[in-house]
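The values are calculated or read from the model by the stated rules, or taken from the named source; none is laboratory data. Bear in mind the structure is a predicted one, so any value in this text is a computation, not a measurement. Using ideal geometry, Cβ is built from the backbone for each residue, glycine included, and neighbour counts are taken over all protein chains shown.
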Amino acid sequence: MSSTVITNIATLVTNDPSLGDNSPLGLLHDAAVVLDGDRVAWTGESSKAPATDNRVDAGGRAVLPGFVDSHSHLVFAGDRTAEFHARMSGRPYSAGGIRTTVAATRAATDAELEANLTRYLGEALRQGTTTFETKSGYGLTVEDEARALRIASAHTDEVTFLGAHIVSPDHADDPAAYVDLVTGEMLDACAPYARWIDVFCEKGAFDGDQARAILTAGRAKGLHPRIHANQLSYGPGVRLAVELDAASADHCTHLTDADVDALASGNTVATLLPGAEFSTRAEWPDARRLLDAGVTVALSTDCNPGSSFTSSVPFCIALGVRDMGMTPDEAVWSATAGGAAALRRTDVGRLSPGARADLTVLDAPSHVHLAYRPGVPLVTQVWRGGVRAV
């Protein structure tokens with residue numbers, strides 16, 4: 001292993017409040033960071049950087065932790081352009097469109113699914129994402145859910161079993177039988193490939209009792225819960241997430257005061273997915289309300305072919321600032337340290353000694369440019385595990 005110092009950094013986001021300006025972002029100016037193998041070994045003023053094997057000049061650019069995308073659906077086949085076009089022409093969004101992707105995914109080969117997955121992972125990496133979670137949920141049979149997770153687990157440790165995305169079309173007349181399948185044979189086949197279990201707790205998908213049964217069964221198999229909660233309507237998802245100590249409640253668009261209080265008092269992260277609201281013309285989540293209540297917030301893409309077909313965390317940062325009441329600092333923290341919290345990781349989402357050497361270099365002097373210059377491809381370098389990947 002060799003060591004590398006990146007110097008002449010205009011603004012370094014460490015996400016360590018004990019460093020730099022003592023803010024949540026732990027900002028350092030005219031800074032340097034030392035990478036030793038796959039870990040961060042040192043951060044500080046550029047003029048005080050220790051000697052290393054290699055030296056890289058950042059050229060007065062900003063450096064921040066690699067983005068942590070804690071919610072995506074990347075094992076799929078097919079295309080829903082026609083659905084998006086119809087929705088942008090006035091048709092409302094509902095959970096049912098998932099069935100179109102289910103049919104295409106079932107018909108695809110393993111090679112086709114993996115090629116699709118790696119395509120979008122490469123796309124995300126080029127935009128600064130170094131850690132990502134992805135789910136099953138477009139197979140909805142024992143065999144198709146297990147193969148989706150097997151394919152995903154070859155590319156990330158953050159794999160989520162989402163057999164409970166919707167009730168399988170094969171069980172449309174008997175949802176209870178499908179819940180039995182998800183909590184029984186399907187769970188047995190999928191658990192070896194997954195770290196997490198998820199459920200879409202929503203009208204048209206699974207109600208609170210069904211969601212509780214599914215998540216409880218997953219937890220008994222060693223999978224930790226996360227929940228699609230309160231996206232399309234008010235419901236029990238958020239409070240169930242906190243009750244079961246889910247790592248995250250994702251979407252959180254329709255919240256009562258009791259929901260916000262529950263999140264503020266528990267360990268569950270509220271993961272906001274503004275790409276979904278952008279792509280469905282739905283009501284924006286109120287990040288300001290959550291942040292002011294002391295809730296930990298993550299910001300992720302929800303990359304999927306139906307309701308949020310973006311792999312760009314920078315785009316979601318810009319939406320969070322423009323449309324959800326976040327400051328640029330809060331949005332960047334939520335897309336890095338917040339995403340790490342939603343995955344219950346302490347080794348990513350920060351750039352302080354001991355962290356993974358995952359970092360993004362912007363062709364700009366400050367992280368604020370991610371929101372200030374929306375749509376501009378500012379990511380100029382990405383390092384993952386101490387190796388320059390982009």
Just checking, does the stretch 178-189 include any residue being touching a Pro at 6+ places or on another chain (Cβ under 7 Å) and modelled with pLDDT of 95 or more? no
Can you tell me which residues in the stretch 347-376 are out of contact with any strand residue (DSSP E or B) (no Cβ under 7 Å at 6 or more places or on another chain) and under 20 Å from V387 (Cα atoms)? none
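Per-residue answers, yes or no, for (1) farther than 29 Å from T380 by Cα; (2) in contact (Cβ under 8 Å) with a residue 40 or more places away in the chain:
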position: V102; (1), (2): yes, yes
position: A154; (1), (2): no, yes
position: L162; (1), (2): yes, yes
position: H171; (1), (2): yes, no
position: W196; (1), (2): yes, yes
position: E202; (1), (2): yes, yes
Only one of these is small (G, A, S) and surrounded by fewer than 19 Cβ atoms within 10 Å (Cβ to Cβ): S72, S46, S89. Name it. S89
Subset of the stretch 179-195 (residues that are touching an Asp or Glu at 6+ places or on another chain (Cβ under 8 Å) and over 12 Å from A217 (Cα atoms)): A189, C190, R195
Listing of strands (runs of 3 or more DSSP E) fully contained in the stretch 1-81 that carry 1 or more residues being at negative phi and touching a Lys or Arg at 6+ places or on another chain (Cβ under 6 Å): 3-12, 54-65
The one condition in (1) in a helix (DSSP H, G or I); (2) surrounded by fewer than 21 Cβ atoms within 10 Å (Cβ to Cβ) that K203 fails to fulfil: (1)
Pick out the one residue from V390, V376, V348 that is aliphatic (A, V, I, L, M), assigned to a loop (DSSP other than H, G, I, E, B), more than 17 Å from P274 (Cα to Cα) and free of Cβ contacts under 8 Å to residues at least 60 places away in the same chain. V376
Test result for V56, more than 24 Å from the chain's Cα centre (by Cα), farther than 30 Å from R226 by Cα, β-branched (V, I, T) and surrounded by fewer than 20 Cβ atoms within 10 Å (Cβ to Cβ): yes
Just to verify a result, which residue in the stretch 288-307, among those that are touching a Leu at 6+ places or on another chain (Cβ under 6 Å) and without any contact (Cβ under 8 Å) to a residue 60 or more places away in the chain, is farthest from S72 (Cα to Cα)? V295
